[in-house]
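Structure first, then comments.
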Amino acid sequence: MKELTRSIVFSMLPRRAPDAHKGDFGKLLVFAGSSRYRGAARLAVSGALRCGAGIVTLASTERVIAAAACDLPETTFLPLPEDPDGSVSAAGLNLLLQAASGCTALAVGCGLTCSAGPDTLVRALLELPVPLVLDADGLNLIAGKLELLCRRTAPTLLTPHPGEMARLCGCSTAEIQAAREKHALHLARQTGCVLLLKGHGSLIAAPDGECYRNPTGGPGLARGGSGDLLTGMAAAFLAQGLPALDAALCAAWLHGAAADACAARRGVLSMLPHDLLDDLCVLLAENHF
């Protein structure tokens, strides 16, 4: 296993030419949110915008979009119909597929819930030949159906926390935590996907057996929303053309490094995931990005 370092990350990040335009930095669709988890979509979009995606579209229900629109005016929106339980309805399938097929990457899963509508829509998105980050309920919906991942032809990044990883692997969370590297490498090889296993010392495993440990981040990240931010960050790098492994490495290290800076500024008890965005901006600026 290799240790992920600052120099590795900053050698991978895409630099902007003076004559660059928004089309040079990808088109990302974020499919996220439900009436209960509106903040998840907002955090994922925030992470994507701050990590340089050229155009970011949030595909969700009107109520989720309304929660994000005022604070994120740079975002474009794809309103989708809503089921009675507050989740996105399968009736929006054609609208979603049409928008997603024209993107350079997708971020799927944050706050969707595991209802029938999201289940249908996530399965359909997995069939598209578009690079994709799959997180949260996107992962929960395919637990026991890993063939959906094995069939994919485009780069795919999975970002489970230990509980989601246990559901994917069909074992207990304790078993995952007792052998994190073994399980991460096995699932990466089995599915052909890059895997970012979150937690203390996050692991990034590739299908070819390459594995990195991320040393940044701390207990201040142990609250809801931290993973949503990370998903948006990784998807932004994927949208800009980075390979899935590189996108995962950059997002994991930057997310953790911003959290370390935020903890020093606000304290691990009171820091919140959206607070990290200020520290992320400073970190990138200090390194001339």
- Item | Dipole magnitude of segment 212-289 about its Cα centre (Cβ charges: Lys, Arg +1; Asp, Glu -1), debye to nearest 20 | 180
- GNM flexibility winner over the chain from Ala179, Ala263, Ala251 (Cα, springs under 10 Å): Ala179
- Cut-off under 5 Å, modelled amide H: who pairs with Gly33 long-range: Ala41, Cys110, Gly111, Leu112
- Note on the structure: Rounded to the nearest 500, the 222 nm mean residue ellipticity computed for the chain from DSSP H runs (n ≥ 4, each -39500 (n - 2.57)) alone is -13500 deg cm²/dmol
- Task: Keeping every protein chain in place, order Ser115, Ser87 by accessible area at 1.4 Å, biggest value first, i.e. largest first.
- Result: Ser115, Ser87
- Given the options His200, His21, His186, state which has the largest fluctuation in a GNM of the chain using a 10 Å cut-off (strictly under) for Cα springs. His21
- Query: Based on Cβ point charges of +1 for Lys and Arg and -1 for Asp and Glu, what charge dipole magnitude is obtained for segment 85-182 about its Cα centre, in debye rounded to the nearest 20?
  - Reply: 220
- Tensor-based shape of the chain (alpha-carbon gyration tensor, a/c under 1.5 rounded, otherwise prolate or oblate): rounded
- Choice from Gly23, Gly138, Gly199 showing the highest fluctuation, given a GNM over the chain with Cα pairs closer than 10 Å: Gly23
- Query: Rounded to the nearest 10 Å², what accessible area does Met1 show when all protein chains are kept and the probe is 1.4 Å?
  - Reply: 120
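Ranked by accessible surface with a 1.4 Å probe, highest first, in what order do Phe31, Phe10 come? Can you show the working numbers first?
Values: Phe31 0, Phe10 35 Å².
Sorted descending by solvent-accessible area, the residues read Phe10, Phe31.
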- Query: For segment 210-284 and segment 67-82, what is the separation of their Cα centres, given in Å?
  - Reply: 23
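The values are calculated or read from the model by the stated rules, or taken from the named source; none is laboratory data. The structure presented is a predicted model; accordingly, all values stated were derived computationally and were not measured. Cβ sites come from the backbone with ideal geometry, for glycine too, and all protein chains shown count toward neighbours. These area figures cover heavy atoms from the full protein model, side chains too; ligands, DNA and RNA do not enter into them. Shrake-Rupley method; radii C 1.70, N 1.55, O 1.52, S 1.80 Å.
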